[in-house]
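Working notes, beginning with the structure itself.
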Amino acid sequence: MTASHCIIYKICPRPLWEAAQAIGQFEGAPVDLADGYIHFSAIEQVRETAARHFAGQDDLVLVAVDATTLPRLKWEPSRGGALFPHLYAPLTMSEVLWAKPLPLGPDGHHQFPLP
């Protein structure tokens, strides 16, 4: 997969995202800071990311970013050898396309604002 014309997604706790908005950039969640890059997912990966790493968590935000605007983005092997987008820089708010709530549905799964 390449970053060409690709929207990538970050799942983030709402309070952490609101704090990032207040300072104009997102430095990363604790896991991102520990790993040295901000974890993103492509559209075909984001639902599994939510199920694996955010199961049962409410009060989340789904953030969409155009990967072509991120010069320090690398696609690297991760889960099952699949290439995942990793950003080796803070994410500025000007790079964000949108951020929308990612609520839990009645079935306990996240309800994505995606096609």
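Computed from the coordinates by the stated procedures, all read-outs in this text should not be read as laboratory data. All values derive from a computational prediction rather than experimental measurement. No Cβ is skipped: glycine too gets one built from the backbone with ideal geometry, and neighbour counts run over all protein chains shown.
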Quick one: which of Y37, Y9 is among the hydroxyl-bearing types (S, T, Y), closer than 21 Å to P90 by Cβ and touching a His at 6+ places or on another chain (Cβ under 6 Å)? Y37
If I filter region 71-115 down to residues being closer than 18 Å to L33 by Cβ and of a type in the set (A, V, I, L, M, F, W, C), which single residue comes out as surrounded by the fewest Cβ atoms within 10 Å (Cβ to Cβ)? A89
Any pair with Cβ under 9 angstrom, 6 or more apart, that starts in region 100-115 at a residue that is under 18 Å from S41 (Cα atoms) and touching a residue at least 24 places away in the same chain (Cβ under 8 Å) and ends at one that is among the β-branched types (V, I, T) and assigned to a strand (DSSP E or B): K100/V61; K100/V63; P101/V61; L102/I11; L102/V61; H110/I11
